[in-house]
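**Q** Sharing a structure below in structure tokens format, with a few things to ask.
The values are calculated or read from the model by the stated rules, or taken from the named source; none is laboratory data. The structure displayed is predicted, hence computed values, not measured ones. Every residue, glycine among them, receives a Cβ derived from its backbone with ideal geometry; neighbour counts consider all protein chains shown.
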Amino acid sequence: MKSGNSNFVSYHFLYKSIADVYDKVKVLYNPLYVVPLVFHTIDMMITIFYPLLQMDQQRTSPVDMLSANISVVQVFFLLFTPAFASGLLASQVEKLRLALLDRQLREKGENHTKDIERFIRYIEARPMKTVIYKVISLDWKLPVSVLNICVTYLIVMLQFTHKY
């Protein structure tokens with residue numbers, strides 16, 4: 001979009017093609033992401049919980065516990081890589097929208113201005129944000145939310161055991 005003779009209509013149709021493919025993939029991706037998200041979250045909590053219960057009996061150090069639970073870190077990264085990628089895609093679309101708004105301010109031709117306005121409205125209508133089953137927003141906040149849930153329920157489970 002740096003050149004003066006940019007064809008915004010062709011960029012618009014390219015964005016539409018990418019958004020159409022993205023929407024088709026999202027529909028197939030929903031069940032493929034929700035099931036591992038639920039089960040791996042539970043697995044991470046249990047993997048951390050049992051060594052915590054035995055920590056005072058065996059006098060294990062935090063370093064030993066971390067090395068025993070390195071798989072939790074791996075699962076965490078593998079599970080949330082799509083969330084980071086989706087957040088990155090949404091931020092790139094927002095950068096594109098801002099670049100179009102800047103270009104609209106500089107553009108002098110009425111024909112290009114209408115094409116840019118139409119493209120901006122289309123981006124606002126289809127922002128490429130992923131929401132799984134209209135409940136779980138797949139973005140930068142998902143890992144923080146899951147980590148918050150894990151810590152909260154680990155504290156509750158530890159309180160029920162009366163260990164600490």
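**Q** How many of the residues making up segment 60-97 are in a helix (DSSP H, G or I), farther than 26 Å from VAL35 by Cβ and of a type in the set (Ser, Thr, Tyr)?
**A** The qualifying residues number 2.
**Q** Out of all the residues in segment 99-125, which are surrounded by fewer than 15 Cβ atoms within 10 Å (Cβ to Cβ), among the aliphatic types (A, V, I, L, M) and over 21 Å from the mean Cα position of the chain (by Cα)?
**A** ALA99, LEU101, LEU105
**Q** Tell me, yes or no, whether segment 126-137 has at least one residue that is in contact (Cβ under 8 Å) with a residue 12 or more places away in the chain, charged (D, E, K, R) and assigned to a helix (DSSP H, G or I).
**A** Let us first name the residues in segment 126-137 that are in contact (Cβ under 8 Å) with a residue 12 or more places away in the chain, namely 126-130, 132-133, 136.
Checking the rest, the ones that are also charged (D, E, K, R) come to 126, 129.
Subsequent filtering for residues that are assigned to a helix (DSSP H, G or I) retains none.
Among the residues of segment 126-137, not one is in contact (Cβ under 8 Å) with a residue 12 or more places away in the chain, charged (D, E, K, R) and assigned to a helix (DSSP H, G or I), which makes the answer no.
**Q** Same structure, new question: Does LEU89 count as within 30 Å of ILE48 (Cβ to Cβ) and in contact (Cβ under 8 Å) with a residue 24 or more places away in the chain?
**A** Working: within 30 Å of ILE48 (Cβ to Cβ): no; in contact (Cβ under 8 Å) with a residue 24 or more places away in the chain: yes.
No.
**Q** Could you identify the single residue in SER17, SER10 that is modelled with pLDDT under 90 and loosely packed, with under 12 Cβ neighbours inside 10 Å? Show your work before the answer.
**A** Values: SER17 fails: modelled with pLDDT under 90.
Answer to the selection: SER10.
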